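Here the structure comes first, spelled out in structure tokens, and everything after it is commentary.
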Amino acid sequence: MRSAKKGTRAHRAGAVPYLFLAPAMALFTLFMALPIGYTVYLSLRRTKVSGLGLGKGARTEVFAGLGNYTAAVSDGELWAGWLRVLGYGALVLVLMLGLALVFALMLDAAHVRLARFTRISIFLPYAVPGVAATLMWGFLYLPGLSPFGEHPFLSADLVTFSMANVAVWGGTGFNMLVLYTNLRAVPREYYEAARIDGASELDIALRIKIPILVPSIILTTVFSVIATIQVFTEPTTLRPLTNTISSTWSPLMKVYRDAFVTGDLYSAAATSMVIAGISLVLSFGFLRIVKNRAFGES
Amino acid sequence: MRVNRLAVTAVAILTAALSTACAGGTDEPSAQSASQSAAPAGPVKLTYWTWVPNMDKIVSVWNQAHPDIQVTVSKQAGGDDAAAKFLTAAKAGNPPDLVQAEYQMLPSFVAADAVADLKAETEQVKGEFGEGVWSLVTLGTDAVYAVPQDSGPMMLYYRRDLFEKYGIEVPKTWDEYAEAARTVRKKDPKVFLGTFSSKDPGWFAGLSQQAGAQWWSISGDAWKVAVNDEATKKVAAYWGGLVKEGVIDDMPYFTPEWNKALNDGTLLTWPSAVWGPGVLSSNAPKAKGKWAVAPLPQWNAGENYSGFWGGSSTAVAATSPNKAAAAKFATWLNTDPQALELLIKEGAIYPAAAKGAALMTEAPDYFSNQPDFWQRAAAIGATARGFTFGPNVNVTYNAYRDAFDKAVAAKSDFTAAVQAMQDTTIADMRKSGFSLAQ
């Protein structure tokens with residue numbers, strides 16, 4: 001009887017769920033599916049010039065097949081860019097998330113003086129726009145202007161570290177806040193019970209707080225991986241100041257260069273599809289690896 | 001926990017997709033589309049993208065005298081970004097009616113079919129311009145793609161006070177310049193005579209022009225590309241040698257560091273163009289009255305050549321519904337005596353029109369110590385030689401930055417960087433299908 005009733009209700013609902021879904025689907029189509037579709041379309045085209053390429057009709061758009069994709073994948077500069085970003089990303093991920101975790105645990109520990117002030121000052125750099133932050137650090141790095149003296153912060157050997165420093169400075173506060181907020185939501189009874197059992201503050205941090213935080217740590221890691229893959233602002237802003245950052249330093253910079261500096265929208269579209277594919281694989285790959293560890297309990 | 005996982009997954013998909021969507025987007029705010037659909041009944045409304053300072057003041061003089069053609073200035077950032085923005089807007093179908101086009105970018109605009117042929121409209125004013133500058137807007141064809149606005153003949157800016165202090169003569173040849181660079185290093189290891197900028201391909205192009213380079217030329221129905229010609233390789237090898245020797249600095253122009261060096265006297269020369277006073281007065285205000293100009297050093301004693309760095313023209317968009325009105329404004333702006341005077345006074349530019357020189361009487365404020373500044377500039381300008389720019393200068397210039405960045409950082413062979421520019425340029429033209437002459 002119960003199941004029969006449920007069935008009729010579902011039957012009567014009919015189009016209603018679709019109606020509820022409609023706004024979301026319309027927005028998705030308009031702002032996600034269509035632009036991506038257009039990018040895919042562009043990535044399959046190229047310009048064909050005849051003769052000198054001057055005057056009317058000398059330049060036409062033709063179907064290119066997968067030519068832009070093979071060119072994108074076989075371009076050594078793109079993979080060199082991935083390597084650079086990988087090194088940069090490893091630095092940023094470990095330092096930024098490590099610091100964020102340590103700060104969150106310290107702030108959450110009992111009896112911290114000036115907790116509010118410290119929390120805000122760690123978070124504050126996140127509120128500084130990326131371009132402003134990079135310019136500020138850029139001025140601090142320039143040998144002629146730096147108050148730190150004549151150190152080659154922007155030399156070929158150090159430029160990756162200098163850039164990672166800007167990202168860590170800007171991102172630690174945000175990630176710390178995510179972790180800290182999660183910690184505050186944990187019932188205090190856990191800690192009390194642990195203390196009665198004789199656990200020290202360090203034990204509580206390592207054996208209770210960190211395991212509870214694992215889902216949040218994964219979330220912040222995924223965010224950071226995606227942000228790293230998309231790194232663009234820092235190197236682009238620093239580039240005019242130094243000889244050590246090329247116009248294709250990161251994969252997205254290459255997309256920008258192709259589209260807006262050398263005027264080849266089609267290669268840019270193909271390269272950005274490749275980048276999107278790789279970032280999907282990386283994000284999902286990471287989630288898959290940690291899935292059991294993080295979400296096994298449920 | 002399940003919800004959490006879904007959220008994370010969704011975020012992963014969305015963000016990855018967004019990165020693509022952003023990268024592929026071509027949207028450009030279309031403030032000027034309104035003007036294009038304006039009914040012909042009222043006054044014609046034109047939009048004009050430019051980065052000449054105070055252009056709005058100059059345009060308001062035109063607007064008062066011409067109630068039927070009203071021009072609105074939209075201030076641009078200038079440089080490569082402005083060119084990319086115009087090309088993108090033209091592709092998207094909503095370009096401004098008028099645009100400031102640097103000479104080296106004009107062929108790219110023409111190749112993208114983004115600018116109109118103004119041959120009929122400019123027939124009358126052709127005589128106002130020298131042959132050299134006129135060929136920059138015709139590209140050696142029968143068409144006229146823009147009205148020349150200003151030109152940038154190159155000259156040597158130097159710190160007169162510090163030349164005296166270190167006992168250096170103004171170098172007449174590049175050999176003397178190299179010798180002076182060594183002398184300066186010996187007298188004060190903190191000071192450099194000059195710096196090689198791997199960020200300014202236009203500067204390097206100008207120096208190559210002085211040496212007689214011809215990066216592009218048209219032979220029949222095909223392009224001939226010779227970025228790696230002997231003249232260019234000579235220039236590259238010369239600067240590469242000085243950078244490697246450590247007697248010339250390698251910091252790029254237009255950086256905070258460079259400004260500081262111009263100001264505090266640790267950089268003594270700047271081979272630049274006639275528009276230099278504007279840059280010096282805003283970037284090195286403290287050194288006012290201490291700089292002077294001389295002709296560029298020559299490759300062979302007794303020669304007298306210069307090149308061009310920068311300079312731009314006023315072009316009309318191919319899709320503008322009011323081409324005639326736009327052409328009328330463009331010719332007024334760049335040939336009318338009143339407009340030229342305003343361009344000099346308000347815009348601080350060196351007009352390309354021949355009669356502009358007569359209007360330049362008072363030396364720029366920054367060079368009040370050199371009352372004959374403009375006479376010298378005019379004499380130097382007459383010796384400048386340029387070359388035809390090709391249809392993908394943006395590719396070549398970008399290759400310059402990347403190749404010379406590397407060469408400067410590694411202090412390696414500069415002629416290899418020139419070869420990289422040539423190879424990149426050729427590869428790009430071949431990919432698009434341009435006819436290339438061997």
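Consider segment A:176-234. How many of its residues are among the aromatic types (Phe, Trp, Tyr) and within 30 Å of A:Phe284 (Cβ to Cβ)?
Looking only at that region, the number is 3.
Across segment A:185-239, what is the number of residues that are among the basic types (Lys, Arg), more than 10 Å from chain B (Cβ to nearest Cβ) and surrounded by 20 or more Cβ atoms within 10 Å (Cβ to Cβ)?
1
If I ask for residues that are hydroxyl-bearing (Ser, Thr, Tyr), in a helix (DSSP H, G or I) and more than 30 Å from B:Gly130 (Cβ to Cβ), which ones from segment B:383-438 would you list?
B:Thr415, B:Thr424, B:Ser432, listed by residue number.
For A:Gly53, are the conditions met, namely being in contact with a Phe, Trp or Tyr (Cβ under 6 Å, 6 or more places away or on another chain) and of a type in the set (Gly, Ala, Ser)?
Spelling it out, A:Gly53 is indeed in contact with a Phe, Trp or Tyr (Cβ under 6 Å, 6 or more places away or on another chain) and of a type in the set (Gly, Ala, Ser).
Which of the following residues is of a type in the set (Val, Ile, Thr), in contact with a helix residue (DSSP H, G or I) (Cβ under 7 Å, 6 or more places away or on another chain) and at pLDDT below 95: B:Val99, B:Val44?
Of B:Val99, B:Val44, the one residue that is of a type in the set (Val, Ile, Thr), in contact with a helix residue (DSSP H, G or I) (Cβ under 7 Å, 6 or more places away or on another chain) and at pLDDT below 95 is B:Val44.
Would segment B:178-189 turn up any residue that is over 23 Å from the mean Cα position of the chain (by Cα), at pLDDT below 95 and within 14 Å of chain A (Cβ to nearest Cβ)?
Looking for residues that are over 23 Å from the mean Cα position of the chain (by Cα), at pLDDT below 95 and within 14 Å of chain A (Cβ to nearest Cβ), one finds at least one in segment B:178-189, hence yes.
In segment A:265-291, what count of residues is obtained for those that are facing another protein chain (nearest Cβ under 8 Å) and closer than 21 Å to B:Val393 by Cα?
Total meeting the criteria: 2.
Could you pull out the residue among A:Pro129, A:Pro143, A:Pro147 that is loosely packed, with under 15 Cβ neighbours inside 10 Å and at pLDDT below 90?
A:Pro147
What is the number of the single condition among (1) outside any helix (DSSP H, G or I); (2) among the aliphatic types (A, V, I, L, M); (3) within 24 Å of A:Thr118 (Cα to Cα); (4) touching a residue at least 60 places away in the same chain (Cβ under 8 Å) that A:Val186 does not meet?
Going through (1) outside any helix (DSSP H, G or I); (2) among the aliphatic types (A, V, I, L, M); (3) within 24 Å of A:Thr118 (Cα to Cα); (4) touching a residue at least 60 places away in the same chain (Cβ under 8 Å) one by one, A:Val186 breaks only (4).
If I ask for residues that are basic (Lys, Arg) and more than 16 Å from B:Leu340 (Cα to Cα), which ones from segment B:51-86 would you list?
Once the filter is applied, which keeps residues that are basic (Lys, Arg) and more than 16 Å from B:Leu340 (Cα to Cα), segment B:51-86 yields B:Lys75, B:Lys85.
If you go through segment B:329-356, how many residues are touching a residue at least 24 places away in the same chain (Cβ under 8 Å) and surrounded by fewer than 16 Cβ atoms within 10 Å (Cβ to Cβ)?
3
Would you tally the residues in segment B:87-111 being within 20 Å of the chain's Cα centre (by Cα) and away from chain A (no Cβ under 11 Å)?
Going through segment B:87-111 one residue at a time, the tally reaches 7.
Where the second residue is part of a helix (DSSP H, G or I) and of a type in the set (Asp, Glu) and the first is touching a residue at least 24 places away in the same chain (Cβ under 8 Å) and lies in segment B:274-286, which pairs have Cβ atoms under 6 Å and are six or more apart or on separate chains?
none
Out of segment A:138-161, which residues are within 23 Å of the chain's Cα centre (by Cα) and in contact (Cβ under 8 Å) with a residue 60 or more places away in the chain?
A:Gly138, A:Val159, A:Thr160, A:Phe161, listed by residue number.
Scanning for something touching a Pro at 6+ places or on another chain (Cβ under 6 Å), modelled with pLDDT under 95 and within 14 Å of another protein chain (Cβ to nearest Cβ), does segment A:51-71 turn up at least one residue?
Yes, segment A:51-71 has at least one match.
Looking at the structure I just gave you, is A:Ala156 within 30 Å of B:Val408 (Cβ to Cβ) and either among the polar types (S, T, N, Q) or more than 13 Å from chain B (Cβ to nearest Cβ) (or both)?
It is false that A:Ala156 is within 30 Å of B:Val408 (Cβ to Cβ) and either among the polar types (S, T, N, Q) or more than 13 Å from chain B (Cβ to nearest Cβ) (or both).
Among (1) free of Cβ contacts under 8 Å to residues at least 40 places away in the same chain; (2) closer than 27 Å to A:Ser162 by Cα, which single condition is A:Gly277 missing?
(2)
Residue check, B:Tyr366 against (1) within 14 Å of chain A (Cβ to nearest Cβ); (2) surrounded by fewer than 23 Cβ atoms within 10 Å (Cβ to Cβ); (3) in a helix (DSSP H, G or I), all met but one. Which one?
(1)
When residues of segment A:28-50 are filtered for being assigned to a helix (DSSP H, G or I) and either within 12 Å of chain B (Cβ to nearest Cβ) or touching a Lys or Arg at 6+ places or on another chain (Cβ under 6 Å) (or both), how many remain?
Of the residues in that region, 15 qualify.
Give just the number: which of (1) surrounded by 23 or more Cβ atoms within 10 Å (Cβ to Cβ); (2) at pLDDT below 90; (3) among the hydroxyl-bearing types (Ser, Thr, Tyr); (4) within 21 Å of A:Val40 (Cα to Cα) does A:Thr262 not satisfy?
(1)
The values are calculated or read from the model by the stated rules, or taken from the named source; none is laboratory data. Predicted model only: the values in this text are computed from it and were never measured. So basically every Cβ, Gly included, is an ideal-geometry build from the backbone, and we count neighbours across all protein chains shown.
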